[in-house]
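S.K.: Take a look at this one; I'll ask things after.
Any read-out appearing in this document is the output of simple, stated calculations on the displayed coordinates, not a laboratory observation. Since we're looking at a predicted model, the values are computed, not measured. So basically every Cβ, Gly included, is an ideal-geometry build from the backbone, and we count neighbours across all protein chains shown.
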Amino acid sequence: MELAFERRGTGPPLILIHGIGHHWQAWLPVMDRLAVSRTVIAVDLPGFGVSPGLPDPIPYTAESLADAVESFCALLGIREPDVVGNSLGGYLALELAARGVVRTATALSPAGFWSRSELLYCQSVLRALRATARSLPPDQAVRVAENPFLRAVSAGLLVAHPSRLEPAALVAATQALAASSGFDETLEAFSGVMPPAPPKAPITIAWGEHDRLLPRRQAVRAARWSGQRVKLLKGCGHVPMSDDPELVARVILEGA
């Protein structure tokens, strides 16, 4: 399906997939670093960013979103790309690896390795963040983003270093979260998300040392599932791209 995306650089294709409620701009801190040697394509998932929602009656599930990414790549004529995802996007990257339709997959703090209580916690936090984003008038969202203390309160659950997050980026992310038409149904579908089938392509899993949404103990389960050690992103949170762009870009390029 046709999805909104940003393309930069030249070289083998590298697809970037954001998490729930986010948009392709989540990858801006690392895109130019990756684009030195790769054709980087950051995509808005259906119902997120400025991409249209899934057509009726297709439900918002991890499988249908993975289908959309697979169809998007086919539409662009890209076969077996390297894919990278964060959170929900990380799960989608692993799902595409399980299907054998990608060359490699890199997952940053992927969803799906939670216990029941951790899942409920994740859903509760994301609902609260969504409600807050929808309640903020635009001028107040700007004031929150520009105030160091309020920025830390607003973004501290998702990034380890809110001070490194550009105010304009936080405002844009807040607006994207508030406007995500696919958010509620996708979040409900998290209840059925379990680790995907074994991968048919090489994978890399990396976890933020200070991930407060999907705590890093979930990385232990991811390591058992994958049969390999999970890399620790030191000093990073759940959405690590702004916390340490150089580290995140290096991990991505080493995996791809």
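S.K.: Of Pro138, Pro215, Pro245, which is the most mobile in a GNM of the chain whose springs link Cα atoms less than 10 angstrom apart?
M.R.: Ranking Pro138, Pro215, Pro245 by mean-square fluctuation puts Pro138 first.
S.K.: Percent relative contact order of the chain, based on C-alpha pairs within less than 8 angstrom and at least six residues apart?
M.R.: 23
S.K.: With θ set to phi - 60°, apply the Karplus curve 6.51 cos²θ - 1.76 cosθ + 1.60 along segment 59-65 and write out the HN-Hα couplings as whole Hz, x wherever there is a Gly or Pro.
M.R.: Each residue of segment 59-65 in turn: x, 7, 9, 4, 5, 5, 5 Hz.
S.K.: Could you tell me whether segment 116-250 comes out rounded, prolate or oblate from its Cα gyration tensor? Rule is a ≥ b ≥ c as square roots of the eigenvalues, rounded for a/c under 1.5, then prolate if a/b exceeds b/c, otherwise oblate.
M.R.: Oblate shape, in that a/c is at least 1.5 and b/c is the bigger or equal ratio.
S.K.: Collect residues whose amide H, placed 1.01 Å from N in the peptide plane, falls under 5 Å from the amide H of Asp82; neighbours closer than 5 in sequence don't count.
M.R.: Sorted by chain and number, the residues that satisfy this are Ile15, Arg103, Thr104.
S.K.: Using each residue's phi in segment 121-129, evaluate 6.51 cos²θ - 1.76 cosθ + 1.60 at θ = phi - 60° and report the 3J(HN,Hα) Karplus result to the nearest Hz, with x for Gly and Pro.
M.R.: 4, 4, 5, 5, 5, 5, 4, 5, 5
S.K.: Also, I was wondering about something else. So what J values fall out for segment 194-210 if you push phi through Karplus, 6.51 cos²θ - 1.76 cosθ + 1.60 with θ = phi - 60°, rounded to Hz, Gly and Pro as x?
M.R.: Coupling constants for segment 194-210: 10, x, x, 5, x, x, 9, 9, x, 10, 10, 10, 10, 10, x, 4, 10 Hz.
S.K.: Next question, about the same structure. Within the chain, what percent of beta bridges assigned by DSSP are antiparallel, to the nearest 5?
M.R.: Within the chain, antiparallel bridges account for around 15 percent of the total.
S.K.: Among Ser180, Ser51, Ser135, determine the one that fluctuates most according to a GNM of the chain built with springs between C-alpha atoms less than 10 Å apart.
M.R.: Highest fluctuation of the listed residues: Ser135.
S.K.: Which order do the peptides 190-197, 171-178 come out in when sorted by mean C-beta neighbours inside 10 angstrom, highest first?
M.R.: Averaged packing, sorted descending, gives the order 171-178, 190-197.
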